[in-house]
Structures are given as structure tokens and as C-alpha cells.
Amino acid sequence: MKTIDLGKYQQWVAVVVTGMITTPVVPLGLGPDMYICKVSDLPESMKSPFSSSLKSSFESFGLEASEKLTLNNPKLLIVPTVNIDEDTVKNALIVADMALALFNKKYFSAKARFINWDRSQGKAIGVVCNEGNFEPITSSNSPFGPGIVKALETDVWDWLLGHFLRGTLNDLGKRIYKCLEWEREAQFSSHITHKFAFNWIGLEAMLPDKECTDSAFVRRYCMVIGAPRGADSKAIMDTLVDNEKFKSNINPMGKVWVKEIKEMYQYRCAIFHEGSSELNSEDIDPKRVEWYYHLTNTLTMRVIGYAVQALIDGVETIEDFWANFMVNHLFSDQNHWLKNGTFHLNDILQHDWENGQKYFEM
């Protein structure tokens, strides 16, 4: 096949594909249902407006749309669709990714894949066509961060990097570094189940050895959100001169956190296929998993914050961190989260994930 008759399709999605040097027009499926091609294979009348929209898509993802590089006759996966609403485009990308997986099996050594695919948001670099009109697929998240005008002085983050490079991190430092590694894996994974699983592994890295049980998670991470349980609660009150400070600041939604942490652990077991869980992979709700990803992000952010403060205070082991630092620091005047009103992190529990409400993190 040398050309594609796109005139018979009113709506279609074109996604940029990398992982092959060149390609002719390759029909996929039995319809054909999709096509792999190059921009040069498009009808002449489409090339200019299509390339302009594609340039905008690249730029929205923070990539330079250079004619010598990214726009030099890029490879495309063309997917005809019944309409072009967000859900249809999102689902088209998921099906198209599987088409690329099968293409890679058929054409051995091909490594075809999308560029900057955000599976949960249904975004990848590409263009949507609606009755001859082209719209770029744009990123949901800005690729730009702060404008840094002055370098900060050396601090604990530099200490962490320096000791990691020299192989001299203490036990707590190694745990923090490992947790951050898994958080980074989660951030750049395209599959929401993987994002949650990688974050969970990072949270496990912050527990003492042999404590990766649901009860251990409830005990440790309820402390992180200001709802210590049982013996930890008593130990904290023993450190305080005034127990009213404990009673007035303990998290009022502690029982809700207990329930969610236990249910997250059930999902963890079902995904990893280990441990005790009544769930199987067919029972996993993608919307709930996405919410759990945000919950684990929140717990990771806070436990890392406490652990870094413990490093500054000279704590060296994960056991000392939980048994002593957290007990003495959590309800003390040195805990700035207690003083600034962000101690409990309960806002995320109000998130309406069941009805598809998007959760936006800083």
C-alpha cells in the first residue's frame, strides 16, 4: 500500500511513533483498522495544516518541534474513530498502543512506541482530525517549572546526593533515596496501576525490615497523618507535658485513613499477586487505583519530609526514625506542619474519584 484514503474517515487520530528508522504505509488489522505511515504519505492538501498542529502538540509537551529533528517526516499511527471526544481519544490511544505491541511482534526488532504518552490522561504527541480540521493533542500538565533566578545554598538535598555518589549514606539516607527512586519510576510510568505499585514499593522502603504487612502500614502511616495507633499513641502522650495538645491535634479522620490504607494494601496484594487478598486483577477499579496513586503520593511526600528532618537531627537508622524521632517530633513545637495547619492531609479524602473528578497535585 502506497497511499491512505483518509477521505472515507471523518474523524481520526494521528499519534507520533518512534522506535523504527523508516517505514512504508503499513496497514494494521483486518479492516485495515489502523495505519502506520509517515507525514509524507498524507495527501498533499493535509500536510501543511497537519504539520502546524503537530508542531503545537510537540511544544505543549515541552519538546522542540524542529524540522531537522522531530518534524522531519515523523512516523505516525493513524487511528480512525467514531468521534473525537476526550474519552474516545483516550481509549483509542490505549487500543493503538496494543496495536504497536503486536506490530513489534510481527516486525521483530521494531520498538514502536508513542512519545510522552500519559495513559491516565489520554494524551500523547499527535493530532486529532475532525472533518478535515486539525487540532493538536496537548499536554494536561505544563512542562515548565519555576523560573529560578538564584541558586540556593547547599542543604540536606545536596548532602543526600553527595553521600549517595560516594557510597556513604547511612541507613535512613538509603531508605529515603530508595523511596525517591520508586517515586520517580511512578512519575514517568504511563500505566496508572504501575504508578500506584511503584509508589507503594517506595513506601515499603521506609518501613523497618519485615514490616510489610497491612497492620504495619496502618501503624506507621497513620502516624504520618497525625493519627497514631495504640502503643504509639501512648508513647507520644508520655513525651508531652500537656496531653491536651495531643487530644486537640489528633487527626479526626484517623479511622477513614485506617480503612483506606487497608484497602490500598488489598490492591497491592492483588497487583503483586502475593500476600492475602480477596481481590483478583479483574476486581481492580482503575478509578480507585488512580486515587490510590494520589494517596500514596501524599504519604510519600509527608514521610520523606519527616525523614529528611530526622537526617538533619542526626538520626541514622529507620528503627530510630520510627521509634524515637516520630514519637518525639510529631506533636512537638518543632513540627511546622502542626503549626501551619497542614498536619492531617485530609483534603484528599474528600476527593470524588468515583465520579471521575480529576485530582491536581502541586
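Coordinate-derived values only; no laboratory data. None of the values given here were measured: they were computed from a predicted structure. All Cβ positions, glycine included, derive from the backbone under ideal geometry; neighbour counts span all protein chains shown.
Expressed as an acute angle from 0 to 90° and rounded to the nearest 10, what is the orientation of the C-alpha long axis of helix 192-205 relative to the principal long axis of the chain?
30
Arranged by the count of other C-beta atoms within 10 angstrom, fewest first, what order do THR300, THR168, THR239, THR81 take?
So the ranking, lowest neighbour count to highest, is THR168, THR239, THR81, THR300.
Figure the gain on full extension for TRP337 and HIS351 (residue separation times 0.36 nm, minus the Cα-Cα span) and round it to one decimal in nm.
Extending this stretch completely gives an extra 2.9 nm.
Is the shape of segment 11-137 best called rounded, prolate or oblate, per the rule: a/c under 1.5 gives rounded, else a/b larger than b/c gives prolate, else oblate, with a ≥ b ≥ c the square roots of the Cα gyration tensor eigenvalues?
In terms of gyration-tensor shape, rounded.
May I ask for the longest run of the chain untouched by GluC sites (Glu not before Pro) that are loop-located per DSSP and have at most 12 neighbouring C-beta atoms (other than their own) within 10 Å?
Longest site-free region, per DSSP loop and neighbour criteria: 154-273.
For VAL17, what residues show an amide H to amide H distance below 5 Å, using hydrogens built from the backbone and excluding near sequence neighbours?
LYS75, LEU76, LEU77
Relative to the longest principal Cα axis of the chain, at what angle does helix 171-187 sit, 0 to 90 degrees, rounded to 10?
For helix 171-187, the angle is close to 30 degrees.
When 1/r is averaged over all different Cα pairs and the result inverted, which Kirkwood radius in Å belongs to the chain?
23.5
At R0 = 25 Å, how high is the FRET efficiency between PHE188 and LEU161 if r is their beta carbon distance? Nearest 0.05 is fine.
Efficiency at R0 = 25 Å is approximately 0.85.
Alpha carbon centre of segment 306-351 versus segment 148-205: separation in Å?
Using only Cα atoms to place each centre, the spacing works out to 18 Å.
Listing PHE108, PHE321 from the residue with the fewest other Cβ atoms within 10 Å to the one with the most, what is the order?
The most exposed by this proxy come first: PHE108, PHE321.
Would you mind checking the tilt of helix 156-166 against the longest principal axis of the Cα atoms of the chain, expressed as 0 to 90 degrees and rounded to 10?
That helix lies at roughly 80 degrees to the long axis.
How far apart, in nm, are two points set 7 Å out from the Cα along the Cα-to-Cβ line at GLU86 and at ASN328?
Placing both labels 7 Å beyond Cα along the Cβ direction yields 4.9 nm.
Measure off 7 Å from each Cα along the Cα-to-Cβ vector at THR18 and ALA101, then give the distance between these two points in nanometres to one decimal.
Each label point lies 7 Å from its Cα, and together they span 2.1 nm.
Run the helix sum for the chain: -39,500 (n - 2.57) per DSSP H stretch of 4+ residues, divided by residue count, reported at 222 nm to the nearest 500 deg cm²/dmol.
Dividing the helical sum by the residues of the chain leaves -14500 deg cm²/dmol.
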